[in-house]
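Q: Just dropping this structure here.
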Amino acid sequence: MEPSRYPHLLAPLQQGRLRLRNRLVHASMTTRMAKEARVSQSLVDYHENRAKGGAGLIVTEPLSMARHQRLPHKVRAWNDDDVAGLTRWAEAVERHDCRLLGQLQDPGRGRHERGRNPSGIAPSALPDDLSWSVPRALEVDEIRRMVDEFADSARRLERCGFAGVEISAGHGHLFHQFLSPWSNRRDDEYGGDFERRLRLLRDLVAALRAVCGACFVVGLKLPGDDGVPQGIGPERAADIARALCEGDRVDYVCFTWGSHGRTLDWHLPDMHWPRSPFVNLTAELRRSIPHVPVMTVGLITDPAEAEGILAQGKADLVALGRPLVTDPAWLAKAASGREREIRYCVSCNTCWGTIVEHRPLACDNNPRVGAADEADWKPAPAARRKRVVVVGGGVAGLEAAWVAAARGHDVTLFSASAELGGKTRLHARLPGGESLSSVYDYQQVMAKLSGVHLELGVHATVDDVRSCTPDAVLLASGSAPGWPASLPESWREEGLVPDVRTLALDLLDRRQRQPGTAVLLDQDHTEGTYAMIEVLARLFERVVVATPRERIAGDVPLVTALGIHRRLAPLPVEVRPFHELSAESRLEDGVAALANVYTGKLALVEDVALIGYSTPRVPDLRLLAPLRVLGLRVETIGDCRMPRGVAAATAEGYATAIAL
Ligand SMILES: Cc1cc2nc3c(=O)[nH]c(=O)nc-3n(C[C@H](O)[C@H](O)[C@H](O)COP(=O)(O)O)c2cc1C
């Protein structure tokens, strides 16, 4: 047998109470899969699949473990109501030789939704840095009661078969708020100096040790650097870790990043960040606690990266959050040399966007999150083999094509472009977009393995489709930015004002800066537009972004928006809210007129070298009616059904192929 390429990743860890079959941990992820505060089947399936797929340790999402925690999307562990569910959950994971830890957490004053937090609690009545919610400062009696309740719940988890708990004391949540002098201004036994700020966590760990068994695992997620002035930087983080890990009460430490403020996006660095951005800092912090296993987390997506981190002794365990949402069998595939069959996380943060909108986890590159047979899934054969034509080689068409072919259908895919991937391929060429290629790269591999017949560089005509005598046609012909309603149609015909995609194709390879201002109408508010604005800022002296809304980046998750603002801030980019492009613009004189959407008042931008637009997309349905006239069964999928994002496109492609 060939030696494994991942000897360090696959090596067991037996240290103290930790007994793990390998070094891969599934980091805690809020799934929004619990139902009415109970364990749901999809929650069990989600975790069992990650255990089946190879993880050696899984940390659940935060459970309600103190009596004030009553949210319906969090599983309640502070009473016996769902002991059966908790037991089923633990058994499903532990039967795959994977340890299950419940996460013990409270958001405290933190809130990242709109509005103020009606139930925020904190060490001190100071505003949350994002929502400005002012919490209620906890009284000493309440703190003591809460610690007892947490311990009581942990004992219950242990009885139900959980191997332990992870205390989430990073991310700017309640325990972090107690640790940080920025948020803890108490002057009693729980605040006032370094030691007293640690008291809550010390008490909690002691209470857990007092009531739980000798083998019960207690892990700590601790701040490594929260990026908050007067908060917890690496030096203070090392002191905290050292102090809390004295003796042998703590079984591992996972350092996390960012806080609940402008560094919220550090929690889950997106595709604009360098890879594994926190590993070196983790390695430094690890020196402060040499006797405790340290877990590293954050934008580690590739098994070779994980192996390298462990081989270089930078951490003892590698935790993956989003990459195991995307592919539960990440480790199993790597261990068996099937790396190219891994669906890689593209770090887009769609998953975070869905849970904060109170929907179950969803993923751009995994249309089956939470399915019962998710890990290493292969499509089941169809009852009857059909001839299927897919028109369009974007991510919706490709997903439909490979799944249909893998089910045994005879599939032909027409792609107007010689390269597959559609507009996602273009986005992948923009700053920070590179990892998006993993979506269509995987689909291409699967299309090849499942025998899709590819007609590349062919603008499919009705005759092309008809000649295949299809039983079903899947139209995945995409969409294009619509012409701005405020501009004359004649400008469109003359090609005077290009859309954002045309701009990208024209400018992406250009390196030379040019004088003048680029003006872009932003009625899109999604990621690709801002990546293109970065390109414009690199090439032009100034970029003016006009949007009819009150701000930009309104349709991306908050964490993505924070990154967009941070990247645009140092660039010569001016945002003009409440404005749209006006027909009063004098293109020949280099003057763009921006009209206030409420008053109509014009603001002139002079010395304009380029005007472009990024607007809501219009479906391309040119083939639909002519194909239907022939009596063919035609279904639209992806943007040509309704323009949306990548997650919707892959999900629709998958679902349509399954229903064939
Ligand atoms: C959708 C989503 C939900 C998360 N929920 C939690 C959570 O409930 N508790 C927690 O400690 N961390 C949570 N995290 C943070 C992850 O545990 C992890 O630290 C982070 O995603 C970085 O790791 P990754 O790059 O491997 O995804 C969440 C992250 C995401 C993307």
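The values are calculated or read from the model by the stated rules, or taken from the named source; none is laboratory data. Only a predicted model underlies this, so the values are computations on that prediction, with no experimental measurement involved. Please note: Cβ atoms are built from the backbone with ideal geometry, for glycine as well, and neighbour counts cover all protein chains shown.
Q: Taking the conditions exactly as written (buried (at least 23 other Cβ atoms within 10 Å of the Cβ) and more than 15 Å from the ligand (Cβ to nearest atom)), does Ala306 satisfy them or not?
A: So Ala306 does not fit the description; no.
Q: Could you grab me the full set of residues in the stretch 131-173 that are within 16 Å of the ligand (Cβ to nearest atom), touching a Lys or Arg at 6+ places or on another chain (Cβ under 8 Å) and under 22 Å from Asp226 (Cβ atoms)?
A: Within the stretch 131-173, Glu166, Ile167, Ser168, Ala169, Gly170, His171 meet the criteria.
Q: Here's another thing I want to ask about it. What are the pairs, 6+ residues apart or on separate chains, where a residue within the stretch 418-435 that is modelled with pLDDT of 95 or more has its Cβ under 8 Å from a residue that is buried (at least 19 other Cβ atoms within 10 Å of the Cβ) and of a type in the set (Lys, Arg)?
A: If the second residue must be buried (at least 19 other Cβ atoms within 10 Å of the Cβ) and of a type in the set (Lys, Arg), the pairs left are Glu419/Arg425.
Q: Condition test on Tyr46, is it among the aromatic types (Phe, Trp, Tyr), within 15 Å of the ligand (Cβ to nearest atom), crowded, with 16+ Cβ neighbours inside 10 Å and within 26 Å of the chain's Cα centre (by Cα)?
A: Judged against the criteria, Tyr46 is a match.
Q: Continuing with the same structure: Can you report the number of residues in the stretch 120-167 which are assigned to a helix (DSSP H, G or I) and under 19 Å from Val93 (Cα atoms)?
A: Of the residues in the stretch 120-167, 6 are assigned to a helix (DSSP H, G or I) and under 19 Å from Val93 (Cα atoms).
Q: For Val556, work out the one condition from (1) in a loop (DSSP other than H, G, I, E, B); (2) surrounded by fewer than 18 Cβ atoms within 10 Å (Cβ to Cβ); (3) in contact with a helix residue (DSSP H, G or I) (Cβ under 9 Å, 6 or more places away or on another chain) it doesn't fulfil.
A: Failed condition: (2).
Q: For Ala207, work out the one condition from (1) more than 16 Å from the ligand (Cβ to nearest atom); (2) without any contact (Cβ under 8 Å) to a residue 60 or more places away in the chain; (3) touching a helix residue (DSSP H, G or I) at 6+ places or on another chain (Cβ under 6 Å); (4) not in a loop (DSSP other than H, G, I, E, B) it doesn't fulfil.
A: (2)
Q: Determine the pairs where a residue that is modelled with pLDDT of 95 or more, located within the stretch 61-72, has a partner that is within 16 Å of the ligand (Cβ to nearest atom) and among the acidic types (Asp, Glu) with Cβ atoms under 8 Å apart, the partner being 6 or more residues away or on another chain.
A: Pro62/Asp106; Ala66/Asp106; Gln69/Asp106
Q: Right, next: Hey, could you check the stretch 126-167 for residues that are closer than 23 Å to Phe255 by Cα and of a type outside the set (A, V, I, L, M, F, W, C) and say which is surrounded by the fewest Cβ atoms within 10 Å (Cβ to Cβ)?
A: Residue satisfying both the conditions and the ranking: Asp129.
Q: Also: Given the options Gly115, Gly108, Gly16, name the one that is more than 16 Å from the ligand (Cβ to nearest atom) and closer than 27 Å to Pro557 by Cα.
A: Only one candidate passes the filter, namely Gly115.
Q: Also, quick follow-up: Have a look at Pro277, Pro229 and point out the one that is within 16 Å of the ligand (Cβ to nearest atom), under 32 Å from the mean Cα position of the chain (by Cα) and either at pLDDT below 95 or of a type outside the set (Gly, Ala, Ser) (or both).
A: Only one candidate passes the filter, namely Pro277.
Q: Which of the numbered conditions does Thr529 fail, given that it passes all the others? Conditions: (1) among the polar types (S, T, N, Q); (2) surrounded by fewer than 14 Cβ atoms within 10 Å (Cβ to Cβ); (3) touching a helix residue (DSSP H, G or I) at 6+ places or on another chain (Cβ under 8 Å).
A: Thr529 satisfies every listed condition except (2).
Q: Within the set of pairs 6 or more residues apart or between chains, which connect a residue that is more than 8 Å from the ligand (Cβ to nearest atom) inside the stretch 314-327 to a residue that is among the basic types (Lys, Arg) and not in a helix (DSSP H, G or I) with Cβ atoms less than 8 Å apart?
A: Within 8 Å, the pairs are Asp316/Arg23; Leu317/Arg23; Val318/Arg23; Thr326/Arg343; Asp327/Arg343.
Q: Related question: Could you tell me which residue of the stretch 328-357 is surrounded by the most Cβ atoms within 10 Å (Cβ to Cβ), considering only residues that are within 8 Å of the ligand (Cβ to nearest atom) and either among the basic types (Lys, Arg) or not in a helix (DSSP H, G or I) (or both)?
A: So the residue we want is Cys345.
Q: Could you please find all residues in the stretch 168-186 being hydrophobic (A, V, I, L, M, F, W, C), out of contact with any strand residue (DSSP E or B) (no Cβ under 6 Å at 6 or more places or on another chain), closer than 16 Å to Trp257 by Cβ and crowded, with 22+ Cβ neighbours inside 10 Å?
A: Phe175, Leu179
Q: Of the conditions (1) buried (at least 19 other Cβ atoms within 10 Å of the Cβ); (2) away from the ligand (no atom under 16 Å from the Cβ); (3) over 22 Å from the mean Cα position of the chain (by Cα); (4) at pLDDT 95 or above, Leu100 fails just one. Which one is it?
A: With respect to (1) buried (at least 19 other Cβ atoms within 10 Å of the Cβ); (2) away from the ligand (no atom under 16 Å from the Cβ); (3) over 22 Å from the mean Cα position of the chain (by Cα); (4) at pLDDT 95 or above, Leu100 is out only on (2).
Q: Hey, does the stretch 258-272 have a residue that's more than 16 Å from the ligand (Cβ to nearest atom), at pLDDT 95 or above, buried (at least 21 other Cβ atoms within 10 Å of the Cβ) and in a loop (DSSP other than H, G, I, E, B)?
A: No, there is no match, as no residue in the stretch 258-272 is more than 16 Å from the ligand (Cβ to nearest atom), at pLDDT 95 or above, buried (at least 21 other Cβ atoms within 10 Å of the Cβ) and in a loop (DSSP other than H, G, I, E, B).
Q: Filter the stretch 282-295 down to the residues that are away from the ligand (no atom under 11 Å from the Cβ), closer than 25 Å to Val559 by Cβ and either of a type in the set (S, T, N, Q) or within 22 Å of the chain's Cα centre (by Cα) (or both) and list them by number.
A: Residue satisfying the conditions is Thr282 alone.
Q: Select from the stretch 397-433 the residues that are part of a loop (DSSP other than H, G, I, E, B) and under 22 Å from the mean Cα position of the chain (by Cα) and write down the one among them that is nearest to Asp471 (Cα to Cα).
A: If we take residues in the stretch 397-433 being part of a loop (DSSP other than H, G, I, E, B) and under 22 Å from the mean Cα position of the chain (by Cα), then Gly421 is nearest to Asp471 (Cα to Cα).
Condition check ((1) of a type in the set (Ser, Thr, Tyr); (2) assigned to a strand (DSSP E or B); (3) closer than 22 Å to Thr526 by Cβ) across all residues:
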| site | (1), (2), (3) |
| --- | --- |
| Ala583 | no, no, no |
| Gly600 | no, no, no |
| Ala603 | no, yes, no |
| Ala609 | no, yes, no |
| Val618 | no, yes, yes |
| Leu627 | no, no, no |
| Arg644 | no, no, yes |
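Q: Another question, if that's okay. Quick check on this structure: which one of Leu487, Leu503, Leu496 is aliphatic (A, V, I, L, M), in contact with a helix residue (DSSP H, G or I) (Cβ under 7 Å, 6 or more places away or on another chain) and not in a helix (DSSP H, G or I)?
A: Leu496
Q: Could you tell me which of the residues Gly219, Gly224, Gly192 is within 16 Å of the ligand (Cβ to nearest atom), at pLDDT 95 or above and out of contact with any helix residue (DSSP H, G or I) (no Cβ under 6 Å at 6 or more places or on another chain)?
A: None of the other options fit; the residue is Gly219.
Q: Can you name the residue in the stretch 19-43 that is within 22 Å of Cys363 (Cβ to Cβ) and among the charged types (D, E, K, R) and, of all such residues, is farthest from the ligand (Cβ to nearest atom)? Give the steps one after another, and end with the answer.
A: So in the stretch 19-43, the residues within 22 Å of Cys363 (Cβ to Cβ) come out as 24-35, 39-43.
When the remaining residues are screened for being among the charged types (D, E, K, R), the result is 32, 35.
Working: Arg32: 9, Lys35: 17 Å.
By that ranking, first place goes to Lys35.
Q: Would you call Val395 out of contact with any strand residue (DSSP E or B) (no Cβ under 7 Å at 6 or more places or on another chain), touching a residue at least 40 places away in the same chain (Cβ under 8 Å) and crowded, with 24+ Cβ neighbours inside 10 Å?
A: Yes; evaluated as a whole, the condition is true for this residue.
Q: Determine which single condition Gly298 fails, assuming it passes every other condition in (1) in contact (Cβ under 8 Å) with a residue 60 or more places away in the chain; (2) within 11 Å of the ligand (Cβ to nearest atom).
A: (1)
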